Amino acid sequence: MATALATDAVVRMRGVNKRFGSNYAVRDFNFDLPRGTVCGLLGPNGAGKTTAIRIMLDILGPDSGSVELLGEPVGAEVRERVGYLPEERGMYQKMKVGEHLAFFGAIKGMSRRDARREAGHWLERLDLGERADDRVDSLSKGMQQKVQFIATILHHPEVLILDEPFSGLDPINSELLREIVVERKRDGATVLFSTHLIDDAERICDRVCMIAGARKVLDGTLAEVRAESGRKDVTVVFDGDRAWLGHPAVESVTDHGRRAEIRLREGADPQGLLRAAVAAEANIERFEIAEPSLREIFLERAGARGLPATDIEAARAEAESMLEAEAKAGAPAEEVS
């Protein structure tokens, strides 16, 4: 498991445990968030992501273990340097949008003038420029989510911690928020966001931390977690003899007729498989080698290696639910603008 912990970390958690009754929400959790990175905290709903985030910010206290934020024990002063978007959205519904944002900017130490100027910029950027004088409760849920996102980044925090930031947004607005997250990183911010949709992480993250069954099962850069799997996958489009699909390098085959998706055994050489196909006089139209996807790695790790035997069945069920949720994410989201 890629578990090298960063020496320059804006969040450092060691041996953190949190139970509710007899159930662990976070168990034996060690985590570093390296400065200047975008990190995805991945896992199915109920895996422990939100609890871990709340412990990072001292909203919840751990039963055991230690937490540091920006090199200090977590307290009110250091939290001023953080922008936090909670999973449960909360806004002052009767306030006007511009006033709401100016208020939150003032809480974070901005002058009202600076807060209003920044709010105007971001409202225009997120296609809400004409809604500054509208009451919050007149906005759709998606629009309110964008306003709350603005409140999170308004004071230019050093660290952004975003809990399911893209949930409920349509594809256009989700992409816009992803662009802003990447911009914040370029400007020097460190970003952690939780999601149960693996594609979000693959698109914009430098590193990922995966949780299943309240435990961390994977932690590292995207390159590290893919390389650590120790195998390659092959997609082949061909006609002709199929006997070569039984080559010793092949662990499993998903056969779609002319197209076959092949999982190779750990350490197997894809070129040996290609030579076997050519020797069998198969007519190869396409032979593509790829590292396994994050979803495949998560299923493998959560279901086989990263958890004690007593947790494996629960982790497998969680991982499957995570993939089902991701498949449903293509359904039309709420209209937001």
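Only the coordinates and a few stated rules stand behind these numbers; no lab work does. Please read all numbers here as calculations on a predicted model, not as lab measurements. Note that we place each Cβ from the backbone using ideal geometry, even for glycine, and neighbour counts take in every protein chain shown.
Some points to look at:
- Being in contact (Cβ under 8 Å) with a residue 40 or more places away in the chain, under 14 Å from the mean Cα position of the chain (by Cα) and closer than 30 Å to Asp255 by Cα holds for only one residue in Ile211, Ile161, Ile204, Ile198, and it is Ile198.
- Listed conditions (1) part of a helix (DSSP H, G or I); (2) buried (at least 17 other Cβ atoms within 10 Å of the Cβ); (3) among the β-branched types (Val, Ile, Thr) are all met by Val182, apart from (2).
- Only one of the numbered conditions (1) in contact with a helix residue (DSSP H, G or I) (Cβ under 9 Å, 6 or more places away or on another chain); (2) touching a residue at least 40 places away in the same chain (Cβ under 8 Å); (3) surrounded by fewer than 20 Cβ atoms within 10 Å (Cβ to Cβ); (4) among the polar types (S, T, N, Q) is violated by Ser140, and that is (1).
- Identity of the residue in the stretch 71-104, in contact (Cβ under 8 Å) with a residue 24 or more places away in the chain, surrounded by 18 or more Cβ atoms within 10 Å (Cβ to Cβ) and hydrophobic (A, V, I, L, M, F, W, C), that ends up farthest from Ala212 (Cα to Cα): Val97
- Just one of the listed residues (Gly61, Gly83, Gly36, Gly40) is within 22 Å of Ala189 (Cα to Cα) and in a loop (DSSP other than H, G, I, E, B), and it is Gly36.
- Considering the conditions (1) in contact with a strand residue (DSSP E or B) (Cβ under 9 Å, 6 or more places away or on another chain); (2) assigned to a helix (DSSP H, G or I); (3) not basic (Lys, Arg), Ile150 is excluded by exactly one of them, (1).
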